[in-house]
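Novice: Got a structure here, written out as structure tokens. Questions coming.
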Amino acid sequence: MALPVVAPGYRAFRLPRQEHGLEECQDALACDAERGRFAIADGAAESPYSSLWAQLLVDEFVRQSDRLPSWTSWLPSLQERWLAACGLALSRKRPTNAAVPWYLEPGLNQGAFATFLGLVIADNSWFALAVGDSCLFQMRQGELICAFPLTRAADFGNAPWLVGSRTSPIEVPQKYGLQQMGDCRPGDRLWLMTDALAQWFLIQAESGGKPWLALEPLVHATAEDAVAQQAFAAWIEGLRAARQLRNDDVTLLAVSV
């Protein structure tokens, strides 16, 4: 894979639901700016070890060398790692040689689930791979020129497509996965967001607003990362208090070309 002429810059933010710690956040993100690879995922809270599954997904996508790797090439080994990690986590919580509690077996058999969005910037272009409602928005000269994979606020629902830790890798692209590509120009901004913030973004844009103007100060802030994270948290809590944003884990990844 050819590297971008200039490695893109980025800034990442993550915040859990209200009254939850960051360690309880089901969202995950990973970045390798030098190789132009970025990914976010949103674990389904109802499934077991979904935050682990989300983190495995983003980490592995960023490590891959293929521009958009086929699901069959990287998902099976990742699913094995998830299952092994679950077994290790359970072994630490139960007596030696004790069986997995019966009430945990259905969940482990069904697996963990997460939405996924992977982005690669190379050769003055971007390439994206998505499952579910984590979204990519491309800005150019103050205008929204692309939304992927969802394009309307009404497209969000309670049952997005998900990639599972026990799902057949063959089924993912056939039933759930989408791909998109576009060109990159100097000054472009690519925003990656998990569902709650992505839905807010589209609601604001559809009503004639410019939600990216509220995001830009977070990216341009010269403060230390911890201070920028605090500013992001305060902004998100303000949206929640105003009932403009539903109470959910939030991840924002801003990539500058």
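Read the figures in this text as sums done on the coordinates, not as results from a lab. As the structure is a prediction and not an experimental result, all values here were calculated from the model. Cβ placement follows ideal geometry from the backbone for every residue including glycine, while neighbour counts extend to all protein chains displayed.
Novice: Specify the longest stretch of the chain that does not include any exposed loop site, a site being one of the trypsin sites (Lys or Arg not before Pro) with a non-H, G, I, E, B DSSP assignment and at most 11 other Cβ atoms within 10 Å. Write out the running numbers ahead of the final one.
Specialist: Values: sites that count: R92, K93, R243.
Answer from the scan: 94-242.
Novice: Can you pull the one-decimal nm distance between simple spin-label points at E206 and S125, each 7 Å off the Cα toward Cβ?
Specialist: With each label placed 7 Å out from Cα toward Cβ, I get 3.1 nm.
Novice: Does anyone have the angle between helix 71-91 and the longest principal axis of the chain? Alpha-carbon axes, 0 to 90°, nearest 10?
Specialist: Roughly 60 degrees between the two axes.
Novice: Out of these labelled values of Kirkwood radius over Cα pairs in Å, (1) 19.5; (2) 21.9; (3) 18.9, which was calculated from the coordinates shown here?
Specialist: Calculated Kirkwood radius over Cα pairs in Å: the matching label is (3).
Novice: Which GluC sites (Glu not before Pro) in the range 1-83 sit in a loop by DSSP (not H, G, I, E or B) and have at most 16 other Cβ atoms within 10 Å of their own Cβ? Walk me through the intermediate numbers first.
Specialist: On the way: sites: E19, E23, E24, E34, E46, E60, E80; in loops: E19, E46.
In loop regions of the range 1-83 (DSSP not H, G, I, E or B), the sparsely surrounded GluC sites (Glu not before Pro) are E19, E46.
Novice: Hey, what angle do you get for helix 195-206 against the long axis of the chain, alpha-carbon based, 0 to 90 degrees rounded to 10?
Specialist: For 195-206 against the chain, the angle is about 30 degrees.
Novice: Please compute the contact order of the chain in relative form: average sequence separation of alpha-carbon pairs under 8 Å and at least six residues apart, divided by the residue count, as a percent.
Specialist: Details: 473 pairs, mean separation 66.1, N = 257.
Once normalised by length, the contact order is 26 percent.
Novice: A follow-up question, please. Within a Cβ distance under 14 Å of W82, other residues only, what is the Lys/Arg minus Asp/Glu net charge? Provide the component values of the computation, followed by the final result.
Specialist: Working: positive: R81, R166; negative: D59, E60, E80.
Net charge around W82: -1.
Novice: Using Cα atoms only, what is the angle between the long axis of helix 225-241 and the major principal axis of the chain, expressed in degrees (0 to 90) to the nearest 10?
Specialist: 90
Novice: Using the Cα centre of the chain as origin and beta-carbon charges of +1 (Lys, Arg) and -1 (Asp, Glu), tell me which of F201, A233, G118 is placed farthest towards the positive end of the dipole.
Specialist: Result: G118, furthest along the dipole toward the positive end.
Novice: Still on this structure, please answer the following. Obtain the nm distance between the two label points defined at A234 and R166 by a simple spin-label model: each point lies 7 Å from its Cα along the Cα-to-C-beta direction.
Specialist: Result for the modelled spin labels: 4.6 nm.
Novice: Can you sort I170, I236 so the residue with the fewest Cβ neighbours within 10 Å comes first? Intermediate values should be presented prior to the final figure.
Specialist: Values: I170 12, I236 20.
Ascending number of Cβ neighbours within 10 Å: I170, I236.
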